[in-house]
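Quick notes on the structure that follows.
No lab work stands behind these numbers, since they all come straight from the coordinates. Keep in mind that what you see is a predicted model, and the values were worked out from it rather than measured. Heads up, the Cβs are rebuilt from the backbone with ideal geometry, glycines too, and the neighbour counts pull from every protein chain shown.
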Amino acid sequence: MNLLVCGGAGFIGSNFVRQMLQKYPDYKIVNYDKLTYAGNLDNLRDVEKNQNYIFVQGDICDLEKLNQVIKEHQITHVINFAAETHVDRSIHGGCKDFVMTNTLGVQMILDAVRANNIEKFVNVSTDEVYGALGLDEDRKFTEATPIWPNMPYAAAKAGGDLMCNAYFVTHKVPVVVTHCSNNYGPYQFPEKIIPFFIFRLINNQKVPVYGDGLYVRDWIHVTDHAAALDLLLHKGVAGEVYNIGVDNERSNMEVTKMMLKIMGKGEEMIEHVTDRPGHDRRYAIDASKILALGWQPKYSRDKFEQGLKETVEWYLANKEWVEKLQKRKEELNPHIK
Ligand SMILES: NC(=O)c1ccc[n+]([C@@H]2O[C@H](COP(=O)([O-])OP(=O)(O)OC[C@H]3O[C@@H](n4cnc5c(N)ncnc54)[C@H](O)[C@@H]3O)[C@@H](O)[C@H]2O)c1
């Protein structure tokens, strides 16, 4: 496989690239990333000298460059992680970049996939495109749940997903779309809740919890997500959508208290802050379809505390990575005081 990974310098993309290089020593991997504020080549320092790994700086909205890279490296498969991903930025900072990358960018990749007879394209998307579930509902998102996003970030991702379906039906482009729940693990940019809280607690700062803290997310370890995507690149059926999640619903308050315990801090470090507008109450994933395909996640619900502990330990052990990002503070989270 000669694999083009779009957005491989971010959190999930870099974990995926590392996992694929380790597992498949005969695959060539081309990481194509624009290096926005969220792209970080330090995430892949340990593999950058691997002879099967190539980095190319580029924008997924640049069709000419995509075509050129695909031809030059005789790409057979494509996976897309490239996106604007921070919900708060899409609310407070304007959302044009979100629509450009998350919708138009996906359409550009679809054009490139179509023009170059790519064997399979996996478009990595999110459960947030489904909108929200109620706290007292017992249903979960299935692949048949209607797409009905509530936030600009999620709406822009949904635009990309709908383009994938349209290109499959109209042009027979072999595309698979995934809807995964919230990820945690190493190399996550510290504007997202788990590394953001770890960074603050390292500096003895309080952690801001939105509203009543009862927002429920379905947490998955990034390495399990990467393994699911590996499976779908090989066995996913073109034109299909797959949900990815490990049945691990937790409220933000529960996750916060677990982190405080792991880091030896008391609950006086919690600070309640004004709620985010359009805040979705609950996400929960029914992942039976991908489980039936043979996916075996390692961090199931009962291993969440262990996974979180390992994650905290990783950030504490990788001080240089953390310190470099702390120097870019103004970019980290301009919207939360
Ligand atoms: N983080 C999560 O919890 C989560 C959950 C479900 C799905 N997802 C999806 O997974 C994907 C990756 O998420 P992440 O958390 O790793 O994101 P991230 O913000 O950490 O990384 C995004 C990467 O995309 C690159 N990028 C942005 N715009 C680009 C462009 N126009 N052209 C090329 N590269 C560009 C950035 O430089 C960065 O390296 C996204 O599509 C996201 O919607 C994320």
Practice prompt. With θ set to phi - 60°, apply the Karplus curve 6.51 cos²θ - 1.76 cosθ + 1.60 along the stretch 149-157 and write out the HN-Hα couplings as whole Hz, x wherever there is a Gly or Pro.
Written response: x, 9, 10, x, 4, 5, 5, 5, 5
Worksheet entry | Karplus 3J(HN,Hα) series, Hz, for the stretch 50-56 with 6.51 cos²θ - 1.76 cosθ + 1.60 (x for Gly, Pro) | 4, 5, 8, 10, 10, 10, 10
Discussion item. Can you tell me the length gained on complete extension of the stretch Asp212 to Asn116, counting 0.36 nm per residue apart and subtracting the Cα distance?
Written reply: 29.6 nm
Worksheet item: Name the GluC sites (Glu not before Pro) in the stretch 172-252 that are in a loop by DSSP and that have at most 10 other C-beta atoms within 10 Å, would you?
Response: none
Fill in: Cα-projected label distance for Asn67 with Lys49, points at 7 Å along beta-carbon direction, nm
3.8 nm
Response to the item:
Inter-part gap, Cα centre of the stretch 247-301 to Cα centre of the stretch 196-246, in whole angstrom, is 8 Å
Worksheet entry | In the stretch 160-262, trypsin sites (Lys or Arg not before Pro) in a DSSP loop with at most 15 other beta-carbon atoms within 10 Å | Lys172, Lys206
Discussion item. Can you give me the long-range amide H partners of Phe141? Hydrogens built in the peptide plane at 1.01 Å from N, cutoff under 5 Å, separation of 5 or more residues or another chain.
Written reply: Ala284, Ile285, Asp286
Worksheet item: Quick one: of the DSSP bridges fully inside the chain, what percent are antiparallel, nearest 5?
Response: 10 percent
Fill in: For the stretch 175-320, share of DSSP beta bridges that run antiparallel, in % to the nearest 5
20 percent
Practice prompt. For the stretch 183-195, just list the computed ³J(HN,Hα) in residue order, Karplus coefficients 6.51, -1.76 and 1.60, θ = phi - 60°, integers in Hz, with x standing in for Gly and Pro.
Written response: 9, 9, x, x, 6, 8, 5, x, 9, 8, 3, 5, x
Worksheet item: Of the cross-linked pairs Lys257/Lys303; Lys65/Lys120; Lys23/Lys120; Lys96/Lys120, which ones have a Cα-Cα span greater than 21 Å in the structure shown?
Response: Lys96/Lys120
Fill in: Label-point gap, in nm, between Leu135 and Glu267 - each point 7 angstrom along Cα→Cβ
1.5 nm
Practice prompt. Taking H placed 1.01 Å from N in the peptide plane, check which residues at least 5 places from Val207 or on another chain put their amide H under 5 Å from its amide H.
Written response: Ile270, Glu271
Worksheet item: Hey, what number do you get for the chain at 222 nm if only DSSP H runs of n ≥ 4 count, each worth -39500 (n - 2.57), divided across all residues, to the nearest 500?
Response: -11500 deg cm²/dmol
Worksheet item: Based on the Cβ-Cβ distance of Lys23 and Glu143, what FRET efficiency does E = 1/(1 + (r/R0)^6) give at R0 = 35 Å, to the nearest 0.05?
Response: 0.85
Item to complete: Can you put Val273, Val241 in order of Cβ neighbours within 10 angstrom, beginning with the fewest?
Response: Val273, Val241
